[in-house]
Every structure is written in structure tokens, then in C-alpha cells.
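Every number in this text was worked out from the coordinates using simple rules, so none of it is lab data. From a predicted model like this one, the values you see are computed outputs, not experimental measurements. Counting neighbours? That spans all protein chains shown, and the Cβs are built from the backbone with ideal geometry, glycine included.
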Amino acid sequence: MAQYLNETSRTFSEYLLIPGLTTKDCVPNKVSLKTPLTKFNKGEVSDIELNVPFVSAIMQSVSDDNMAIALAKNGGLSFIFGSQSIEEQTEMIRKVKNHKSGFVISTANLTEEHTLKDVILLKGKTGHSTIAITDNGKAEGKLLGIVTSRDYRVTNDSLDKKVKEFMTPFSNLVTAELGISLKEANDIIWEHKLNSLPVIDENNNFKFFVFRKDYDNHKDNPLELSDYQKKLIVGAGINTRDYKERVPALVEAGADVLCIDSSDGFSEWQKETLEYIKSKFGEKVKVGAGNVVDKEGFLYLVEAGADFIKVGVGGGSICITRETKGIGRGQATALIEVADARDEYFKETGVYIPICSDGGIAQDYHMVLALAMGADFLMMGRYFARFDESPTRKLMVGGNYVKEYWGEGSNRARNWQRYDMGDTADGLKFEEGVDSYVPYAGTLKDNLAVTVGKIKSTMCSCGTISIALLKEKAKITLVSSVSIVEGGAHDVIVKE
Ligand code: RVP
């Protein structure tokens, strides 16, 4: 006979936190949101700790290299989507690992033999008015000069004039050597009244520009998540099909952590994938697994070697898995059970396996609830899709700016490996996700600052200044549908 669970499957909106004693030293600027990403033994710390407890979803419409750079600079981490070729995904990883704040790899480059017409066309195409002139016209060629709009007058000069006749030649340029810090580069820019400073290696090969206007944007990222070489930390999504080729390529490209991406992770495919990775690379390659929604699924993947476990089936904002397949569990209920299993496992073995609550965060306060219920960090798609840094188009719809956001199980993404049941060879049999818009919200940095501010304030109301304390001390209550009405503005006419 089927087993019936004596529970109602619940979601975050059905709970609230009860304030605890706020002591005088419990103020937002003392709150730490540091949290472990991968497993560790009692008394030790995780090899990777996030500075804010957020990771961006493994989705085409959310996590590319641009998002990964922005999020790592602000203390979180992106898992670059795996539903693309191995070459494309590794290229994105390389771009994140090679990123140096404030050091820009030039995308507008020409040779001396190009003409003023080429300069004007390139400026129109790229929007950049500073063009590097190199021996091969590429960003990594030998630097011969630069052209800026101060070097020519469109009204007077012939369009056929060669670049070498009007560029500022190398001999007249102030340059800096590779290895210089952003602060030192900025000092040179000010001292010589420059707008841009080319950085070159010992053979005069062009490496980067540092721009005057960028310094202020880049100097202030105190939460930046970087490795021992000061390179940004980045993750990558993988699947249970091509991992024998994909994983070595991602490791070689510098991915810091991997995650098997699946809507239903309680499977032998995941076990095999984990075992393969651990036997080939040992503990130096970190890999998360999921998604699961109960203790059984959690323990299965932990025993197979997972470094963290992702929780959630069917709760994503673009996800219709519950409607189409009838599988899933309320996100809060799933999380509470898995967190309990994680704590029990820790008590028995001394090994702490971080868990990630994935999907279904619709309000900022849901984030604190998820952390209080035991999540170590949260994966979000909709939240990040709204920002400038997400890879999708920004459009005007019905008088408002929106950004596109589509599920990995939608026809648009066609990520069949994520929904693979072992026999799917050539595509999705049915959709498990939708194609949608989300309201455009501006920059990641600005939005994250507000969200983090709210979380810290709630944590202080609960009398806690760390995520570990929040988990230990939080008092959580169920709310009735009537009291949910009481929680919003009610019985007043709200002014527009
Ligand atoms: P949300 O943050 O609520 O937008 O949810 C994002 C999560 O939804 C992802 O991390 C993933 O687990 C899930 N997802 C992604 N695509 C789909 C789908 O097409 N059904 N679901």
C-alpha cells in the first residue's frame, strides 16, 4: 500500500518569525551572513564560504559570466548554466576567472593600416571611443598606439586616412606594466591626467585598459568572493549525461565548484556521476547534487559523495513540474525535513553537509525564513533575472520595463538533460517550465544592498547576528490565511 505522509505540504508564505530579545550589541552592522558552501568536518571550516548566502540559478536566463562576475563581487556565487556546449560554458568560466576588477580586456581594437572610416564604424558598433591599435588588430597583440576622439576631426579629416597617421603612437603613451594594482594604476591616471591607461607585459603585448571613470565603481567591494590568487570564485552546472567530458574541461577552465542540475536528483544517475567525479578527482573537486525533498533523498546523495545538497522540487517561479507530473513538495516542508536530516547526520558522523534551498523565494522575508528553517544558502532565479546583469533582453511591456525569464524545462531552453529519465535521447517530451517576464529592477549591487539590509534587520529582531545563531534561536510560527491578510495594509485606503 502507498505510504501517506501525515502532513500538509507548506511553503514560506505560511510562516512568520517571532521576534526574540534584541540585545544592544545586536545591530545590523554587526551581523555576518557568512555561510558554508561545501561539506566540512566538525571543528573545521568549509573550503568555500559565501559572504552572502545567495547563489544564482543554473539557468540560461540567469547565470552567465556577467552575472557571475557581478555576484561574486558582492559576496555570492553563480553556477554558470550547463545547457550549452562544453566549449561555451568553459569560455564563460575562463572569463570570470580572468576578470580583474577595473582591468578591462579591450573589445575595440584595430591595426595601423585601418582607416578613419574603420574607427568610426567600430566606435558606432561597440560604443567605445578608446581604440587600441595593435600589430594584429586583436586585444592581445603588440601595442602600437591608441586612438581616442581627440586624435581626429571627422569634419576635416579624410575617411581614408590611415590610423598610423593620426593615432597617439606607443612612444607618446603613458603605459603600466602587468602586475600593477588598481590603486597604483589610478594614481598614474591622476598624475598624468589620463582618461585611460594601457597595461602591457614585458614584451609590449597589450593586456588591459584601466579607465579613469571605473575606479570608483571597483574599489569598493568589501564582500568580494575570491580565491587565494584573488580571482573571483565561480560555479558551473553539470548533467548526468556528458560529465565524463564536461567535468574535466570545467576543472581545467578553473571552475571552483560544480553542481549536478536536475529537477529530480534522487536517482542512480546522480550517484554514478558523483562517484565518477570523486574517484577521478578526489575531494579537490567540489560537487553539489539534487534536487531532493526528503531525508531519504538527502542521505542517498550524501552517501554517494555530494559536497552540498540542493532542496526543492516544483517550487520555482517558472516551474510547472507539479502541474505536469504531480511530483513535488511545499518548499518549507521539504527544507525543514532535509535540515533536520542534515543536523542528525552531523551529530552522528561529525560531517556537516550544507543544504541549499532552491526556488520559490518570492519575498525578501522568505530568505530569512529559509535560513531560519535550516538552509545554509539559497538558490534564486527570478530574483536575479530582474537585474541589469542577467543575460536576457530588457523590454518595455505595458508601459513598464521587464526582463525575459524562462525555465530550463521550457521549450525555449530545451535543457532535456535536466529532465532526463534515462531514455530521452533527443529532446523534451513535454514542458516543465514557462517562458515569462519579470519586472526590471536595476543593478544587482543596489538591489542586493536593500535585501541584505532587510535580512540583517530581521535577524536583529530575532536577537541573532549570525546565520548559525538564527538557525538555533529562531522561533517560527504557522499563520492562518486570515492572519496573512492582517499582515498587509488593511482596512485603509492606501494612497496611490
Ligand atoms: P525561482 O527562484 O523561484 O525563479 O526558481 C528558480 C529555480 O527553479 C531554479 O534554480 C531551478 O531549480 C528551478 N527551475 C529552473 N527551470 C525550471 C523549469 O523550467 N521548470 N525550474
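Points worth noting:
- Taking Cα atoms only, the orientation of helix 182-191 departs from the longest principal axis of the chain by about 30 degrees.
- If a spin label sat at a point 7 angstrom from the Cα of K347 along the line to its beta carbon, the backbone N atoms of the range 447-475 nearer than 15 Å would be those of 472.
- Cα-based shape type of the chain, given that a ≥ b ≥ c are square roots of the gyration tensor eigenvalues and the cut on a/c is 1.5: prolate
- Virtual spin-label span in nm between K280 and K183, 7 Å along Cα→Cβ: 4.3 nm
- DSSP beta bridge pairing in the chain, given as percent antiparallel to the nearest 5: 55 percent
- Under the shape rule built on the C-alpha gyration tensor, where the axes satisfy a ≥ b ≥ c, the range 69-111 is oblate, since a/c reaches at least 1.5 while a/b does not exceed b/c.
- Global geometry of the range 358-448, whether rounded, prolate or oblate, following the gyration tensor of its Cα atoms and the 1.5 cut on a/c: oblate
- Computed [θ] at 222 nm, deg cm²/dmol, the chain (DSSP H ≥ 4; -39,500 (n - 2.57); rounded to nearest 500): -9000 deg cm²/dmol
- Members of K97/K456; K117/K213; K73/K244; K30/K475; K284/K473 lying beyond 24 Å, as alpha-carbon distances in this model show: K97/K456; K117/K213; K73/K244; K284/K473
- Residue-wise HN-Hα couplings along the range 248-258, as the Karplus relation 6.51 cos²θ - 1.76 cosθ + 1.60 with θ = phi - 60° gives them from phi, are x, 5, 5, 5, 4, 6, x, 4, 8, 7, 10 Hz; Gly and Pro carry x.
- Applying 1/(1 + (r/R0)^6) with R0 = 60 Å to the Cβ-Cβ distance of K213 and Q3 gives a FRET efficiency near 0.45.
- For the chain, the longest principal axis of the C-alpha atoms and the axis of helix 331-349 are separated by about 90°.
- Residues K475 and D135, FRET efficiency given R0 of 45 Å [Cβ-Cβ distance, rounded to 0.05]: 0.10
- Footprinting exposure proxy ranking of R342, R150, fewest other C-beta atoms within 10 angstrom first, gives R150, R342.
- The modelled label-to-label distance for the pair D220/D435, using points 7 Å beyond Cα in the direction of Cβ, is 4.0 nm.
- Taking Cα atoms only, the orientation of helix 86-98 departs from the longest principal axis of the chain by about 70 degrees.
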